[in-house]
Every structure is written in structure tokens, then in C-alpha cells.
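The values are calculated or read from the model by the stated rules, or taken from the named source; none is laboratory data. All values reported here derive from a predicted model rather than from experimental measurement. Cβ placement follows ideal geometry from the backbone for every residue including glycine, while neighbour counts extend to all protein chains displayed.
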Amino acid sequence: MTAAAFLPWLVVAMLLVAAVQIGRRVMLWRAGKPATIDWIVGLKALPKRYLVDVHHVVDRDKSASRMHVPTAGGLVLACGLLGFGLVPAIAASRLYWALVALAFLIMAAGVVLEARRRYPRALPRLSLGRWQRLPVYLGVFAAGGFLTALLAALGNPLPALSFLLFFPAAAAGLALAATTASGPMRHALAGATHLVAHPRPRRFDHEAPKGEATGLRPLDLEADKLGAEMPTDFAWNRLLAFDACVQCGRCEAACPAFAAGQPLSPKHLIADLAAASGGGHARTYAGNPYPNERQIGGTAGLHTPIVSPDGLVHPDTLWSCTTCRACVEECPMMIEHVDAIVDLRRFQTMELGAIPMKAEEPLAHYRGCDEPSGRPLFERTDFAAGLSLPRIVEKGEAEVLLWLGQAAYDLRGQRTLKALIQTLNAAGVDFAVLGGQERDCGDLARRLGDEATFQRLAKANVETLSRYRFARILTADPHALHVIRNEYPAFGGTYDVVHHTAFLAELVASGRVTPASLAGRTITYHDPCYLGRYNGEVEAPRALLDALGLERREMARSGKRSMCCGGGGGAPSADIPGDTRIPDIRMGQIKDTGAKTVAVACPQCTAMLEGVTGERPEVKDVAELLWEAIEAGRRKPAGAAPARELQPA
Amino acid sequence: MKTIVLLSEANDPISGRPHLSRLEAQAIGLAANLDKTPQGLHVGPSEEGASAALGHGLSGLDVVETSVGEDPLPAIAGFLKNALNGNEPPALFLCGRRGEGGLETGIVPYLLAEALDLPILADAVAIRPGEVQGTLVVDQAMAKGARRRVTVRLPVIATVHALAPPPQPFAYGRMRRGELRRHRADMIPAAATSAESTTPVVGSHEERPHRARPKLMRTSGTSAGSHNLHVGPEPDEAARLILAYLEENGIRRYGND
């Protein structure tokens, strides 16, 4: 009898322990609300979701993918091979044990790479505690397994040593299996199940427009309880998602609120939400604390409110979020943080009225006059006095319906809209606006959790839009674009919505406007979250800027991984104090490129970045830059030298 | 202490849609400190705006439906008289300090006080129960930020000043849960009110073009001196005294015409 012969039984024992442990979590998931899941499709898609989608995200951090592929691959391979070892004939083969030893060796190599991420000092975004001890358990298990199998492959020359090596491997293996309830290894089982039963399966369909997987779902306003108060108010696969977290901290590193010292860390929040259903953290949370952490009571349970000063999550944490989705974009486990935050906000706003006083103001205006700024709807077009701005009520139909949005009330936003309208007129586009009939799209209300107001506005806007004939809706506001394109279909309004950057790029490409070159100017482009990350539109604005002959420099964080300006999700309204301001951080990144101008494509980003004090690059909307180039083209005869005098001093 | 908040037919100043007056929402906030289940009363053709009061913390709202343009005062007085004679009589009635609807005068609280024969206290910013049972301590807002603390015997009508604490945020779920009780106006025995209040005066006023008026802040004080306290003067005499006072202080400078 050799020690290696016990290895298959060790794996069986580990599987049993893991099954019992994960079974305890399954009992908790079952307390969640039901969810419709296509299991067959999910199971079929699992290999692709894991090997393509997950790996694609993990691979952004090379040290993580190089560590995880051999560790997880070796572990699964070794355990799988050991399953065959239960057959005596196979267990007698020395070649078989050589294969097992090889699998453990691969795993051990991965563990060494993992240990290098954590020792002597862990990456700052990683959790310590049990996560820091994980490579130790994995290492002992892999090394013990390797040596035991190697001795078996060599014909078991040292039986005593082989037993001496087997026992630590067995202890480490069982310890690993025991952490599947609340420890590190939970991510493997919960993560795989989460990929199968993902609440947003559309996000794995790369052919579908990205916005389909990012729009919020409507809430049933007749439900007994609006939004999520306690763990049982989440759908069961959302509870499962919280358990899938590996605490890698990529979300935290990407979170603008965390960077600004506001009391939010997506990783901590997901860990809290996972801990809430089991009655609190099994061991102390060992990641970075919430910045400027607020005092909380810490009571938790399946039927205990999560967000409250007595609970596990302080309300300020919830209201710090800008809903920029950077955490979701970075999460290798495909967790949907923003959905959870909006669900929790819905309960706070609609059931408790526990919303920050400053954020209640726009909501009160919404109820009073359908516009968060508290301005009359008929004043929306006042800024365009003197411009040719046809109203659709006079024309009845138009090729393009221009959705003005909130920017029409803001002096800075009006400059962008004027440039856009002038360009449309210069290109001879058949367009019109709703004028006084345009209500706010309701984005701010929805992100602040006031679903009732959002649904009222959505229905009213869909009803208004149904009265007129137009081919497309054009808007300069990515928030309005996202809401109308992706969230209005649930209320019976399906429209072809185009962002002004894409529309203007089309105009330039088709030669309907002929801008002069603005060559000689350096520029960087700040991607709005709701255009880039939410809708995947990152190329059109860049193509347009390049067509203007501008020297484009990219920030380290750009495209779908761009950093938020701090203006989304009602965060400026809630105004949770931090150590610094998010737009200041972003402006710092803009300055690092050395560009003299930052091109923006969203009125929120414009307002946030223009609010940065001191000497800073000029903030210009893409539409303003294009209009500047068109005007420069008109002043100069065709073929003249590039308009170098436009270079700012 | 059972508290009833009277809800008027206010219009949103921007859109003109019926909405809940902010003053009344603040009144609900004050009421919630005294009564765990504050109630509301609205008399008018529709509760479209007033029903939002449930979302701001009222636990129940009585709506007496009257026709458009009808004087709500008899129905309000009748309803409240019923309540006062009931087995759990309300002790405090809170109202906004001004009308915010199209033709509202803001005088209803005063006419109501007269009809119910209750004391009225204007411009409350803070209310708490008095040390003696059946009394109430009210902080009144005065001009230039001054405050006056008054102790009154219950029951009492009080109007709420804009400087009272901000209202609780609106919660849709709370509005949905709140109890809305509808009553027909003819089921409420109308209380006798003085005759002139029952006929709304519409369009009989004179319109004058705008002209710049001197700033009142310049000379007027926060409290009246004793030398111009006149008890029960004849109306003509009172008018003459007021005009004389205004001219003395430079507030009115248009001669005796």
C-alpha cells in the first residue's frame, strides 16, 4: 500500500467537504427571489464564457492570467486524473502517476507565480487574511501531491517519506475544500455557476449591441416591496453573483469614488453583500477599508436591512457611486455591481425616502415640472434664439429629431448645442426639435432610485414621440442616448438613437460638411461612460477628431476602460464628501498627456471637467471643434494653409 | 397628540400642475414629531397634488370632494368640527402660511379659526409639547430672523413658516401605502361660517401698472412700539392711522389722495 493510493480518496474527501460547504451557500441562495434562467443555453455557453470572456478580462493583468491558468488548470487536471486512480488497474500504472505528478507540477508552478503577487508584499488592491494564506495551502497541496505522485511513478522507493509528504497535502487539500463556504475557494464553484446562470446573458453575445446588456430593467411598481432592502430581496442568481467575487480588487482600482476618497469600494461592497446573507463576515474583511469609512452597526442576516447605519453598508457608500460601470467592466467574475447598487437605491428612495437632501431637490423638480433643473419645459429652446431651430410640431415630420436634453438649460451646454445646430444647418440636415414637449429623459431619477418618476417620464416621452414621424433621434447627451435607446423599449418606444459624435462623423465622411484642418493642435479625448462603456461607441468620436487633423493623444485610461468624470448616477446631486474630487483626478490624467485641449462628448463631462480650477487644458465638445473647423474652412479659400492661428497660446 | 395637516390646492410654480405645497410638506415634518400617524385633510375637486403628502409622511388623508370653484371653508370647518366632537379629538391643526393655488387667498386658516372658535398662531418653525399637559410650545418666525417662543393651550391652529425644517423626502412606496379616505361633501354637515367668506370674489379687483416701491426694509422695525397700539378702533380711524404710520416711516409717499 502506498501513500499515492490515498490521493484519489483525498480528492473524493475534498469534493465531499466542498459539496457540504457550497451546499450551505446554496441554501442561502434559495432564499433569494426566483429568476428565469435558461440552464441549457447557460451550460452550453459555459466553456466559451469561461475560456473567452473571463480569460479576456483576467488577461488584462498578465501576472494574473499567467498565475491563474496553470494553478486552476493544474488543480482541475490533477483532481480529474486522480478520479481515474480509483480504478485499481490504472492506479498500478507508473505512467499514470507520472501524469498526475506532471499536473501537480503545473499547479505548483502557478502557485509560485501567485505567491510572487503576494509575497513579500501583496499588490495594494488584493485582500489579505485568508486570501494571503491561499497560496500557502495551494502550495502545500501541490507540492505534497507532486512528490507523492512522483514517488509512486518511481516505483515507491521510500514508502515512509511518501506518507510523510501525503499528510500535509491532505491537510492543505481539506483546508482548501473547507473554504468553499465563505473563503477563497468559493469563487471557483460560485463563479462557474454564476457564468451559467448570469442575470445578463446578453453581455456574452458579442454580436449584440453593447447597450442591450447594460440598460437597467424596469421595476414592477405594483410589487409589495420596491427595490432591495435585505438579501432575500435580490434574485437568487444575484446572491450567487456576490459569492463569485475573488476579491482581486480590480473594481476598486478602477472605481473613481474610491480614488477620490469617498466611502465606496466595489470590492468591499460585494464582499459585504455576500456576507450579509450569512449573518456578517465569517472573518474580518481583509481588503482595503472604505475610504473615510463611516461607523456602522454591523448587524446582518437574510432578513436584516443591508443599507442602514446599523446594518452592514452605510448609506453614504451607496450614494457615492457614479454608476460609471468601471467596476463591471473590470470584473473577471462578471459581477454586476451597478445593478445591485441601483436595486438598493430604489428601496432607499421609494420606500424609505432616505435620500441625501441635496439629491431630493432634483427629484422634487422632476415631480413638479418634469425637469431636474426646475426650469419650465417651454424655455428649453430659448438659448437658440436667432438660430434656425425648426420645431417638429410645425413640420409634423423630420428626418432627424434632435433631443436637446438638460444641456439646453446650461450656459456651457448651450454652446455645444449651438455648434451642433449650426453644423446641422450648414450640412442641410432635415431636423427638428420637440421644443416645449420634450420632457427630461429621466436618467437622473432612475439612477437615484426613483423608478416611479422615471417610468412616468418614459411613458410620457414615448407617447409624445409617437405623435411625430422621424427616422432617427440625434442627441448630444450620452445619458439621454442610453436611456432612450436601451431603456425606453421596455415602455413601448424603440428608436434608432444616434450620438452626435457618430452623426457628425457620418456627415464628415460623406462630405456633407467640409471642415478645414485644425492640424497643429494636440488633443485628448475623454470617453463618456454612457457612450463608451455602456454603448461601446469609442471609434466614431476618434475618427471625427482625426478627420479634423488633430494630433490625438490617448490617456492611459481610455475607450471602454476610461475613467468617469464624476458626473453620472446622481453622484453630484448626492455630493458625498471625499478627499478630492473625481474630475480633478481625471483632469490630472488629461494633463499627463500634454494635450492643450480635451475633447468631450457629454454635457455632464463638460460641466465636471470645466469645474476644475487652476490652469488646465481647454474643455471643448467634439461638436464645437467641428464647427470651429467648418468656420475656419469658410474663412479660408479652399486649398489654403491649415489654420495654424487657431492654436491656443 | 393627534395632528391634522390641512392641504390646499397648490400649483407648481414652474409647470402650474397641481402639487403639494412645500410649506405643507414642512408642516407634515413638524406634525410627524408630535404624532406618529399624522393625518391630512384636503377639500377640493381633486386630490391630485395633495396625495403626494402621503409620500412625505402622512399616514392617512381625508379628501372631501367639492365642485370646482366652490368655497372649501364650510366643508373643512364641518369636517373638523365632527372630528373635534369625536372620541379622539385632534389637538393641533397645521396649515401653510400662504395660498399657492391660482385664486387662493391664504386666509382659510384665519376664517377657520373664527369658525371653530380656536386660537391661531402664525409662522411656526418648531413645535413641541409643553410641560403642562394640553399645552404646546411653538417657535414663531419673525422678521429679520427673530424668533418668538409662545406657549398655547390646545387645541390650536398653526400656520407653518418656510424657515421650518425641510420636509422629509418624498417616498413613492409610502404614498402607495398611505390610506386615502374619500368623503362626499354633502355627507359633511357644513359648519356655519361668516357670510362674506362663502362667496369667492373673482375678477372684481382693479389692475394697476407696476411701479417701483420704496424698500420696506429701510425703516420698518421688527416690533411695533406701544404708542401705536390701538385697541378696537373704528375702521375709518384705523385706516387713517395705518396710512399715517406708513407715511411717517417713508413707506408710502403718495400724499393724501
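Residues in the stretch A:352-369 that are within 7 Å of another protein chain (Cβ to nearest Cβ) and either more than 20 Å from A:Trp319 (Cβ to Cβ) or of a type in the set (Phe, Trp, Tyr) (or both): A:Gly368, A:Cys369. Residues in the stretch A:443-478 that are outside any strand (DSSP E or B), away from every other protein chain (no Cβ under 14 Å) and crowded, with 24+ Cβ neighbours inside 10 Å: A:Asp443, A:Leu444, A:Arg447, A:Ala458, A:Asn461, A:Ala476, A:Asp477, A:Pro478. Does at least one position in the stretch A:19-41 carry a residue that is of a type in the set (Ser, Thr, Tyr) and farther than 28 Å from A:Pro201 by Cα? So far as the stretch A:19-41 goes, no, none of its residues is of a type in the set (Ser, Thr, Tyr) and farther than 28 Å from A:Pro201 by Cα. Against the conditions (1) more than 25 Å from B:Leu111 (Cα to Cα); (2) among the small types (Gly, Ala, Ser); (3) at pLDDT 65 or above; (4) assigned to a loop (DSSP other than H, G, I, E, B), B:Gly221 satisfies every one except (3). The single condition from (1) more than 30 Å from A:Arg283 (Cβ to Cβ); (2) more than 11 Å from every other protein chain (Cβ to nearest Cβ); (3) buried (at least 20 other Cβ atoms within 10 Å of the Cβ); (4) modelled with pLDDT under 95 that A:Leu401 fails is (4). Looking at (1) touching a strand residue (DSSP E or B) at 6+ places or on another chain (Cβ under 6 Å); (2) more than 14 Å from chain A (Cβ to nearest Cβ); (3) not hydrophobic (A, V, I, L, M, F, W, C), which is the one condition that is false for B:Asn33? Only one criterion is unmet by B:Asn33, namely (1). Of everything in the stretch B:93-107 that is within 16 Å of B:Leu23 (Cα to Cα) and of a type in the set (A, V, I, L, M, F, W, C), the residue that is surrounded by the fewest Cβ atoms within 10 Å (Cβ to Cβ) is B:Ile107. Beta carbons closer than 6 Å, at least 6 apart along the sequence or on distinct chains, pair a first residue in the stretch A:371-383 that is within 10 Å of another protein chain (Cβ to nearest Cβ) and within 19 Å of A:Ala458 (Cα to Cα) with a second that is assigned to a loop (DSSP other than H, G, I, E, B) and of a type outside the set (A, V, I, L, M) for A:Glu371/A:Asp440.
Is there a residue in the stretch B:156-173 that is within 14 Å of another protein chain (Cβ to nearest Cβ), in a helix (DSSP H, G or I) and at pLDDT 75 or above? Checking the stretch B:156-173: at least one residue is within 14 Å of another protein chain (Cβ to nearest Cβ), in a helix (DSSP H, G or I) and at pLDDT 75 or above. With respect to (1) under 30 Å from A:Thr453 (Cβ atoms); (2) free of Cβ contacts under 8 Å to residues at least 12 places away in the same chain; (3) under 21 Å from the mean Cα position of the chain (by Cα), the lone exception for A:Thr494 is condition (3).
Would you confirm, using the coordinates I've provided, whether B:Ala52 is within 14 Å of chain A (Cβ to nearest Cβ) and closer than 19 Å to B:Val137 by Cα? Working first, answer last.
Numbers: within 14 Å of chain A (Cβ to nearest Cβ): yes; closer than 19 Å to B:Val137 by Cα: no.
Taking the combined requirement at face value, the residue does not satisfy it.
Could we say that B:Ser67 is more than 16 Å from B:Val160 (Cβ to Cβ), among the polar types (S, T, N, Q) and within 14 Å of another protein chain (Cβ to nearest Cβ) here? Answer is no for this residue.
Report, by residue number, each residue of the stretch A:264-290 that is in a loop (DSSP other than H, G, I, E, B) and either under 22 Å from A:Leu123 (Cβ atoms) or outside the structural domain of A:Cys245 (by TED's automatic domain parsing) (or both). Within the stretch A:264-290, A:Leu264, A:Ser265, A:His281, A:Arg283, A:Thr284, A:Tyr285, A:Ala286, A:Gly287, A:Asn288, A:Pro289, A:Tyr290 qualify. For the stretch B:133-145, the set of residues classified as out of contact with any strand residue (DSSP E or B) (no Cβ under 9 Å at 6 or more places or on another chain) and either within 16 Å of B:Pro165 (Cα to Cα) or not assigned by TED's automatic domain parsing to the domain that holds B:Pro119 (or both) consists of B:Gly145 only.
Listed here are the residues, each with its yes/no results for (1) touching a His at 6+ places or on another chain (Cβ under 7 Å); (2) more than 14 Å from chain B (Cβ to nearest Cβ); (3) surrounded by fewer than 22 Cβ atoms within 10 Å (Cβ to Cβ); (4) in a helix (DSSP H, G or I).
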site: A:Gly301; (1), (2), (3), (4): no, yes, yes, no
site: A:Thr304; (1), (2), (3), (4): no, yes, yes, no
site: A:Leu318; (1), (2), (3), (4): no, yes, no, yes
site: A:Thr323; (1), (2), (3), (4): no, yes, no, no
site: A:Cys327; (1), (2), (3), (4): yes, yes, no, yes
site: A:Ile341; (1), (2), (3), (4): no, yes, no, yes
site: A:Arg346; (1), (2), (3), (4): no, no, no, yes
site: A:Met350; (1), (2), (3), (4): no, no, no, yes
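Within the stretch B:141-151, identify whether any single residue is in contact with a Leu (Cβ under 8 Å, 6 or more places away or on another chain), within 17 Å of B:Val5 (Cβ to Cβ), away from every other protein chain (no Cβ under 14 Å) and not charged (D, E, K, R), and answer yes or no. No, the stretch B:141-151 contains no residue that is in contact with a Leu (Cβ under 8 Å, 6 or more places away or on another chain), within 17 Å of B:Val5 (Cβ to Cβ), away from every other protein chain (no Cβ under 14 Å) and not charged (D, E, K, R).
For the stretch A:49-83, the set of residues classified as closer than 26 Å to A:Asn156 by Cα and without any contact (Cβ under 8 Å) to a residue 40 or more places away in the chain consists of A:Val76, A:Leu77, A:Gly80, A:Leu81, listed by residue number. Each residue in the stretch A:221-235 was checked for being surrounded by fewer than 21 Cβ atoms within 10 Å (Cβ to Cβ) and either more than 14 Å from chain B (Cβ to nearest Cβ) or of a type in the set (S, T, N, Q) (or both), and 3 pass.
Of the residues making up the stretch A:405-416, those that are free of Cβ contacts under 8 Å to residues at least 60 places away in the same chain and either surrounded by 23 or more Cβ atoms within 10 Å (Cβ to Cβ) or more than 14 Å from chain B (Cβ to nearest Cβ) (or both) number 3. If I filter the stretch A:372-393 down to residues being in contact with a helix residue (DSSP H, G or I) (Cβ under 9 Å, 6 or more places away or on another chain) and either more than 30 Å from A:Lys358 (Cβ to Cβ) or aliphatic (A, V, I, L, M) (or both), which single residue comes out as surrounded by the fewest Cβ atoms within 10 Å (Cβ to Cβ)? Of everything passing the filter in the stretch A:372-393, A:Ser388 is surrounded by the fewest Cβ atoms within 10 Å (Cβ to Cβ). Would the stretch A:140-161 turn up any residue that is under 21 Å from A:Ile22 (Cα atoms), in contact (Cβ under 8 Å) with a residue 24 or more places away in the chain and not assigned by TED's automatic domain parsing to the domain that holds A:Asp243? Looking for residues that are under 21 Å from A:Ile22 (Cα atoms), in contact (Cβ under 8 Å) with a residue 24 or more places away in the chain and not assigned by TED's automatic domain parsing to the domain that holds A:Asp243, one finds at least one in the stretch A:140-161, hence yes.
Among the residues of the stretch A:223-263, the ones that are part of a loop (DSSP other than H, G, I, E, B), within 18 Å of A:Pro332 (Cα to Cα) and touching a Phe, Trp or Tyr at 6+ places or on another chain (Cβ under 7 Å) come to 1 in all.
The set of residues in the stretch B:110-132 being closer than 20 Å to B:Pro165 by Cβ and in contact (Cβ under 8 Å) with a residue 60 or more places away in the chain consists of B:Ala124, B:Ala126, B:Ile127, B:Arg128, B:Pro129.
Going through A:Glu438, A:Glu451, A:Glu487, A:Glu463 one at a time, which residue ends up being out of contact with any strand residue (DSSP E or B) (no Cβ under 6 Å at 6 or more places or on another chain) and free of Cβ contacts under 8 Å to residues at least 12 places away in the same chain? Break it down into steps so the answer makes sense when it comes.
Details: A:Glu438 fails: free of Cβ contacts under 8 Å to residues at least 12 places away in the same chain; A:Glu451 fails: free of Cβ contacts under 8 Å to residues at least 12 places away in the same chain; A:Glu487 fails: free of Cβ contacts under 8 Å to residues at least 12 places away in the same chain.
Among A:Glu438, A:Glu451, A:Glu487, A:Glu463, only A:Glu463 is out of contact with any strand residue (DSSP E or B) (no Cβ under 6 Å at 6 or more places or on another chain) and free of Cβ contacts under 8 Å to residues at least 12 places away in the same chain.
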